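Have a look at the structure below, then the notes.
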Amino acid sequence: MTLRIGQGYDVHRFAEGRRLVLGGVEIPHARGLDGHSDADVLLHAIMDALLGAAGLPDIGHFFPNTDARWKDADSRDLLREVRAIIGRDSWMIGNIDATIVAEAPRVGPHIDAMKAAIASDLGIGQDRIGIKATTNETMGFVGRGEGIAALAVALLTTES
Ligand code: MG
């Protein structure tokens, strides 16, 4: 069995008048995240981890924010596209583990829904997906509520 690990990191700034979408789930909040797409920072980190494990360029390469096609894109559509891209090289997903770093809102109650969305888009069991959330203890840009960051690792294998 061949194993490949990848990591991903993303951050988006809060903006007024935007929906907050994390892990494919819309979360009620006073502000959303700014971005060319729906700015789903968690899915972006996961996609970069998957692409990185496959030795491929990052999501900015496949879905450039200069391309009007990806304006306000649903990141779940991009995630399904990433699944197809890595599948071309016969990679299967061993597991994904991710962390959301946000001072607010509380995302814990939404984690099961995020896992369900991601598992569905990637065609894997929810038991292969870990999602955790933490605050930044009021320190730095996340702590000041300026935005949300997300980190992810992904393991790709040649066997399920
Ligand atoms: Mg992003």
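The values are calculated or read from the model by the stated rules, or taken from the named source; none is laboratory data. Since the model is a prediction, treat every value here as computed from it, not as a measurement. When we count neighbours, we look across all protein chains shown, and the Cβ atoms used for this are built from the backbone with ideal geometry, even at glycine. Please note that ligands, DNA and RNA were not included when accessible areas were found on the heavy atoms of the full protein model with its side chains. Shrake-Rupley method; radii C 1.70, N 1.55, O 1.52, S 1.80 Å.
Between A113 and K132, the contour length at 0.36 nm per residue exceeds the alpha carbon distance by 5.6 nm. Farthest toward the positive end of the dipole of region 2-158, out of V11, L56, S90, is the Cα of S90, where the dipole comes from beta carbon charges about the Cα centre.
Report note on the peptides 10-19, 145-154, 57-66, 100-109: ranked by the mean count of other C-beta atoms within 10 Å, highest first, their order is 145-154, 100-109, 10-19, 57-66. At q = 0.12, 0.15, 0.16 Å⁻¹ the log10 of I(q)/I(0) for the chain amounts to -0.47, -0.74, -0.84, computed by Debye summation with a single uniform scatterer per C-alpha, solvent ignored.
In this rough spin-label picture, where each label sits 7 Å from Cα along the Cβ direction, the R88-D58 distance is 2.1 nm. With a cut-off of 13 Å between beta carbons, the residues surrounding H61 carry a summed charge of -4, where Lys and Arg count +1 and Asp and Glu -1. Annotation for region 1-55 versus region 74-110: alpha-carbon center distance of 8 Å. For the chain, find the longest principal axis of its Cα atoms and tell me its angle to the long axis of helix 41-53, 0 to 90°, nearest 10. For helix 41-53, the angle is close to 30 degrees.
Annotation: per residue accessible area for region 1-114 equals 49 Å², rounded to a whole number [probe 1.4 Å, protein chains only]. Rounded to the nearest 20, the size of the Cβ-charge dipole of the chain about its Cα centre is 80 debye, with Lys and Arg at +1 and Asp and Glu at -1.
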